[in-house]
Amino acid sequence: MKQSILAILVVLVSGLIVMAAGNAGDPSLPATANDYKILAPITHGDLTIFPVVSDKIHDTSNFITLDEGIRSGDVVVTEVGNLHSTMRRRPPYQVRPYSGAEVNRLVLVNNSKHPLILLAGEVVTGGKQDRVVGKDRIVPAESDPVDLSVFCVEHGRWTETSAKFDTHASVMLQPSVRMKAMAEKDQQKVWDEVGKSRTAMASKAAAAAPSVSGGSGGGAGGGTYSVQMNELSSTTSYAKARELGVVKQQVDSIVEPMQKSYESVIQQLRNQNAVGVVVAVKGHIVWADMFASSTLLAKYWPKLLDSYATEALTTPGARGETSIKQAEGFLENWQARHEVVDSEPGLYRQRELVGYKFRAFQLTSLLAKAPFYLHLSKMAD
């Protein structure tokens with residue numbers, strides 16, 4: 001009997017070893033702690049970031065970002081009712097009949113010769129309302145019109161400001177709002193979180209009034225401050241609120257020293273590749289963004305850092321501290337209780353992992369010339 005039990009245990013353990021070996025070589029699975037090295041934290045005020053480096057990187061040069069595509073004019077985002085005016089070519093394609101603009105739907109056309117990466121949390125402004133991309137995905141080169149699932153981040157407006165959407169503000173939603181779109185997938189919760197964020201922005205701007213109003217010229221001083229505070233209290237747009245000088249000045253006061261420190265650290269580690277960061281606000285780890293290459297991180301870094309700084313600016317509570325050990329523990333935990341896979345064969349796969357006190361989303365390219373993960377976001381739940 002003992003020998004039989006021992007034999008069964010040997011078989012089970014052998015099977016687990018084989019599965020683990022197979023998982024280690026599967027690029028569609030989440031990265032592990034062995035793939036990353038977390039560096040000493042950089043802190044300014046309530047924001048702490050832990051740079052993450054890796055010796056495992058991929059060639060992402062063939063992909064374009066939404067900002068790049070919009071700037072070049074190769075990528076067009078529009079309301080569903082304006083679809084035909086955006087097409088440069090007229091290939092045969094099947095599109096569902098549209099009755100007009102809809103809050104949670106936009107259409108994107110990628111006219112470029114490169115696949116396009118869309119990240120959840122990227123804000124497009126214009127149309128009848130500003131919208132935010134709801135999930136990570138890839139759009140193929142020279143695509144047919146793609147029906148996007150988006151969320152509105154401008155509650156109340158329904159009048160067209162322009163036929164096409166823009167990303168001139170290059171805004172990424174802060175983690176607390178981004179989470180509502182990605183994990184909760186609930187329009188009302190997105191609106192509620194945007195409202196809380198704008199209220200917190202206004203409160204911080206009002207509290208800083210004595211020092212801000214002392215400025216001059218094109219800043220937020222004097223009468224300009226009053227005008228911008230009125231705009232901040234009346235606008236329904238998350239992007240416009242972030243662009244106003246009374247808010248931007250405070251966000252920049254966090255971003256600029258953080259950016260200088262980050263650049264200094266990375267320059268000292270030229271042989272290591274920075275691929276992401278773990279983010280803590282007021283001593284609590286809230287988020288991590290990891291990319292397939294340092295080049296891809298660099299493209300998104302300015303808007304990501306702005307989003308982290310906005311989170312630090314608008315989060316209530318007392319300041320605390322966090323350690324590199326806590327950051328390492330956050331990236332080590334990938335034990336999922338639930339998993340959802342969304343895939344377009346031959347194009348991309350997105351995996352949502354729900355575990356103990358975390359959610360993670362991994363975008364993997366299934367393109368023949370780029371079969372690797374592109375972006376991994378992980379949020380504390």
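Key figures
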read-out: Residue within the range 345-354 that is of a type in the set (A, V, I, L, M) and within 30 Å of Lys260 (Cα to Cα) present; value: no
read-out: Any pair with Cβ under 7 angstrom, 6 or more apart, that starts in the range 36-53 at a residue that is at negative phi and ends at one that is modelled with pLDDT of 90 or more and acidic (Asp, Glu); value: Ile38/Glu328
read-out: In the range 249-261, the residues that are surrounded by 20 or more Cβ atoms within 10 Å (Cβ to Cβ) and either in contact with a strand residue (DSSP E or B) (Cβ under 8 Å, 6 or more places away or on another chain) or more than 16 Å from His44 (Cα to Cα) (or both); value: Ile254, Met258
read-out: Qualifying residue in the range 125-136 (condition: modelled with pLDDT of 95 or more and not polar (S, T, N, Q)); value: yes
read-out: The range 227-240 residues that are closer than 14 Å to Gly195 by Cβ and open to solvent by less than 80 Å² (accessible area, probe 1.4 Å), paired with ones that are of a type in the set (Val, Ile, Thr) and assigned to a helix (DSSP H, G or I) (beta carbon under 8 Å, 6 or more apart); value: Leu232/Val246; Leu232/Val247; Tyr238/Val177; Tyr238/Val194
read-out: Which listed residue, of Glu332, Glu344, Glu328, is farther than 23 Å from Ser176 by Cα, open to solvent by 20 Å² or more (accessible area, probe 1.4 Å) and more than 19 Å from the chain's Cα centre (by Cα); value: Glu344
read-out: Pair list, Cβ under 8 Å, 6 or more apart: the range 315-333 residue more than 28 Å from Ser197 (Cβ to Cβ), other residue in a helix (DSSP H, G or I); value: Glu328/Ala33; Glu332/Ala33
read-out: Verdict on Leu363 being among the aliphatic types (A, V, I, L, M), under 30 Å from Tyr238 (Cα atoms) and either touching a Leu at 6+ places or on another chain (Cβ under 9 Å) or surrounded by fewer than 20 Cβ atoms within 10 Å (Cβ to Cβ) (or both); value: yes
read-out: Asn23, sole failed condition from (1) surrounded by 12 or more Cβ atoms within 10 Å (Cβ to Cβ); (2) at pLDDT 55 or above; (3) not in a strand (DSSP E or B); value: (2)
read-out: Test result for Asn34, out of contact with any Cys (no Cβ under 6 Å at 6 or more places or on another chain), modelled with pLDDT under 95 and among the polar types (S, T, N, Q); value: yes
read-out: Search result, residues across the range 36-67 that are open to solvent by less than 30 Å² (accessible area, probe 1.4 Å), assigned to a loop (DSSP other than H, G, I, E, B) and of a type in the set (A, V, I, L, M); value: Leu39
read-out: Restricting the range 68-111 to residues that are buried (at least 19 other Cβ atoms within 10 Å of the Cβ) and among the charged types (D, E, K, R), the residue that is modelled with the highest pLDDT; value: Asp74
read-out: Qualifying residue in the range 169-182 (condition: buried (at least 16 other Cβ atoms within 10 Å of the Cβ) and at pLDDT below 85); value: yes
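The values are calculated or read from the model by the stated rules, or taken from the named source; none is laboratory data. Predicted, not measured: the structure shown is a model, and the values here were computed from it. No Cβ is skipped: glycine too gets one built from the backbone with ideal geometry, and neighbour counts run over all protein chains shown. Surface areas here come from the heavy atoms of the whole protein model, side chains and all, with no ligands, DNA or RNA. Shrake-Rupley method; radii C 1.70, N 1.55, O 1.52, S 1.80 Å.
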